[in-house]
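So the structure is just underneath, and the comments pick up after that.
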Amino acid sequence: MAWIASNLVFGVGLTTLLYYIQRAIFRRRTTKLPGPPAQRWLFGISQQLFEADDMAVLHEEWVHKYGPVLSMPGFFGATRVLLCDPKAVAHFYAREATTYRRETYTKNLVELMFGKGLLSADGHDHKRLGFYLMRKELIK
């Protein structure tokens, strides 16, 4: 019975160590963006957002303070990028469709709401489906 507990402790410790190593490598490869500081590691800024009377006003304050592209701390130390620059948003959605990927839960939510198709496709699949929709033979 003692070996089960020791293996469990070892497994949890190893998983935690690998998580922090992966996180450090990822953070080293990305650009540090300005943004509001996290109030807590567990909740990030979500508590501040829920307590705000108007979230839009809070976001506008952050955009004026930190700029049009900012990093927002999320749950468990995760970060989200907020784009408020029209050129950055156009680049994100139009020009680099194969570079930027949706997160799995977002993709699953879109598939659940609209089914598998152009809206839920990523990368080359999205490009291929869009090409077929724009062919003159299909448009009548």
Residues satisfying the stated conditions in the stretch 64-78, i.e. surrounded by fewer than 16 Cβ atoms within 10 Å (Cβ to Cβ) and without any contact (Cβ under 8 Å) to a residue 40 or more places away in the chain:
HIS64, LYS65, GLY67, PRO68, GLY74, PHE75, PHE76, ALA78
Can you pull out the residues in the stretch 7-51 that are among the β-branched types (Val, Ile, Thr), modelled with pLDDT under 80 and under 16 Å from the mean Cα position of the chain (by Cα)?
THR30, THR31
Would you please list the contacts, defined by Cβ atoms under 7 Å and residues six or more apart or on different chains, that run from a residue in the stretch 102-124 that is farther than 23 Å from VAL81 by Cα to a residue that is small (Gly, Ala, Ser) and part of a helix (DSSP H, G or I)?
LEU118/GLY130
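The values are calculated or read from the model by the stated rules, or taken from the named source; none is laboratory data. Values in this document were obtained by computation on a predicted structure and should not be read as measured data. Here the Cβ is made from the backbone with ideal geometry for all residues, glycine too, and neighbour counts use every protein chain on show.
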